[in-house]
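Shown next, in structure tokens, is the structure this report addresses.
The values are calculated or read from the model by the stated rules, or taken from the named source; none is laboratory data. What you see is a predicted model; the values in this text were computed from it and never measured. Cβ placement follows ideal geometry from the backbone for every residue including glycine, while neighbour counts extend to all protein chains displayed.
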């Protein structure tokens, strides 16, 4: 794998993850079970979509129309996001009887934000200067997202009403996270080119932070992710939820490459 190919795969992973996280967060606007959190989620959704756009811009050499094509026009098998971030928020849809799962959403975002923070900490030392500079810009915003979801998760785990269900959801979401930290043959290329320094310790760092946060609640989870996920979004293997999300995003964008983010 040459430098350009390795860089392209990395940027697609980064951008595709944020695009789907931002899209799913945007579906909560007006539905979050707390007014202050509703406002915060609008901001989080906007941030994640903005992060995605800036990453697509890097992949597109600064051309907005091409960045829009990368975001909207690529079919599902060409997407490199983890399957966890594409899953729907719950039954129904935003416009038709949404029965979304707030606990699932909080847990998913906390797990993803923890992983993204670990990843950004490495990317600020990337030998690809534009990516390093962008990562320094994004890391502060990501810390806000992470802290927001830490507070919500702490609340859910502390409440006698939601504690047991939150523990159950934690196990479920972690079981769906195998491909989030999947590296495969790209790890060697990213390390060799200095694109993602210390990629080999990313998964273990993520697991340690997950477990450290859960220790006060005496929750001990099996955080060993599979080396061969059953369904691997990093290899273009996705759920039907991704196709649904892409269709919705194309309706919103009007299907035009000139759409403004």
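So here's what we get for this one:
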quantity	calculated
Counted residues, the range 176-203 - those being in contact with a helix residue (DSSP H, G or I) (Cβ under 7 Å, 6 or more places away or on another chain) and closer than 18 Å to residue 124 by Cβ	10
Only one of 170, 196, 180 that is under 14 Å from residue 9 (Cβ atoms), crowded, with 19+ Cβ neighbours inside 10 Å and under 19 Å from the mean Cα position of the chain (by Cα)	196
Residue ID - nearest to the chain's Cα centre (by Cα), chosen from residues in the range 1-31 that are surrounded by fewer than 21 Cβ atoms within 10 Å (Cβ to Cβ) and in a loop (DSSP other than H, G, I, E, B)	29
Residues of the range 32-45 satisfying the condition of being crowded, with 16+ Cβ neighbours inside 10 Å and either in a loop (DSSP other than H, G, I, E, B) or touching a residue at least 24 places away in the same chain (Cβ under 8 Å) (or both)	32, 37, 40, 44
In the range 67-88, the residues that are more than 13 Å from the chain's Cα centre (by Cα) and farther than 14 Å from residue 240 by Cβ	67, 68, 69, 70, 71, 72, 73, 74, 78
Pick from the range 217-230, criterion part of a loop (DSSP other than H, G, I, E, B) and surrounded by 13 or more Cβ atoms within 10 Å (Cβ to Cβ), ranking: modelled with the lowest pLDDT	225
Residue in the range 129-151 that is in a loop (DSSP other than H, G, I, E, B) and surrounded by fewer than 21 Cβ atoms within 10 Å (Cβ to Cβ) present	no
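One line per residue, one yes/no per condition, for (1) in contact (Cβ under 8 Å) with a residue 60 or more places away in the chain; (2) surrounded by fewer than 21 Cβ atoms within 10 Å (Cβ to Cβ); (3) over 20 Å from residue 39 (Cα atoms):
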site: 76; (1), (2), (3): yes, yes, yes
site: 83; (1), (2), (3): yes, no, yes
site: 97; (1), (2), (3): no, yes, yes
site: 104; (1), (2), (3): yes, yes, no
site: 113; (1), (2), (3): no, no, no
site: 119; (1), (2), (3): yes, no, yes
site: 125; (1), (2), (3): yes, yes, yes
site: 161; (1), (2), (3): no, yes, yes
